[in-house]
Amino acid sequence: MEERTIFHKIRDKEIPASIVYEDDEVLAFKDIHPKAATHLLFIPKHFVPSIADLTPATAHIPGMLILKAQKFAEQKGIRGYKLTFHVGAGGGQEVFYLHLHFLSEEQL
Ligand code: AMP
């Protein structure tokens, strides 16, 4: 059985989060320790631990997350933002459930 991370529990609504967007493929919520005026995390509903674990079958997921973030920003009128993936412990990844950091100095 896969190890369940805190993001599994947020995805499955077992623990609360400030959810800002959800559809069949992704969930986006506010980072609990924001490093910008707006700091969101986009996670796929389909679990992948890290960019380091991608395979041809899951390689579309990062692009899908980026597209969701782009559409979200457009809808909210956020014009400038940074998108980041932390990869592996050496890359600063603490939660091993693939996620896209969305940071902006514009308020949501
Ligand atoms: P990373 O270093 O890329 O693994 O980032 C993990 C991020 O998850 C950090 O920025 C944390 O502040 C954030 N985080 C951890 N627990 C929670 C939580 N329960 N709700 C929202 N964000 C969280």
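Amide hydrogen proximity for residue 21: with H placed 1.01 Å from N in the peptide plane, the residues at 5 or more positions away or on another chain lying under 5 Å are 28.
Over the residues of the chain, the helix contribution to mean residue ellipticity at 222 nm works out to -6000 deg cm²/dmol, using -39500 (n - 2.57) for each DSSP H run of at least 4.
Assuming charge only on the beta carbon of Lys and Arg (+1) and of Asp and Glu (-1), the dipole of the range 6-104 about its Cα centre is about 320 debye to the nearest 20. Applying a threshold of 18 Å to the alpha-carbon distances of 45/68; 35/71; 13/45; 9/76; 13/82; 9/45 flags 35/71; 9/76; 13/82 as lying beyond it. When the charge dipole of the chain is built from unit charges on Cβ atoms (+1 for Lys and Arg, -1 for Asp and Glu) and taken about the Cα centre, the candidate among 32, 104, 58 whose Cα reaches farthest toward its positive end is 104.
Annotation: amide H-H contacts under 5 Å for residue 93 (H modelled 1.01 Å from N, sequence separation of 5 or more, or interchain): 87, 88. Neighbours of residue 11 by Cβ distance under 11 Å: Lys/Arg scored +1, Asp/Glu scored -1, total +1.
Between 16, 56, 44, the residue with the greatest mean-square fluctuation in the GNM of the chain (Cα pairs under 10 Å linked by springs) is 56. The GNM of the chain, with springs linking C-alpha atoms under 10 angstrom apart, assigns the highest mean-square fluctuation among 37, 57, 69 to 57. Computed over the range 6-104, the quotient of the alpha carbon radius of gyration and 2.2 N^0.38 Å is 1.01.
Here, each number is a calculation from the coordinates, and none is a lab measurement. Predicted model only: the values in this text are computed from it and were never measured. Every residue, glycine as well, gets a Cβ built from its backbone with ideal geometry; the counts of neighbours run over all protein chains shown.
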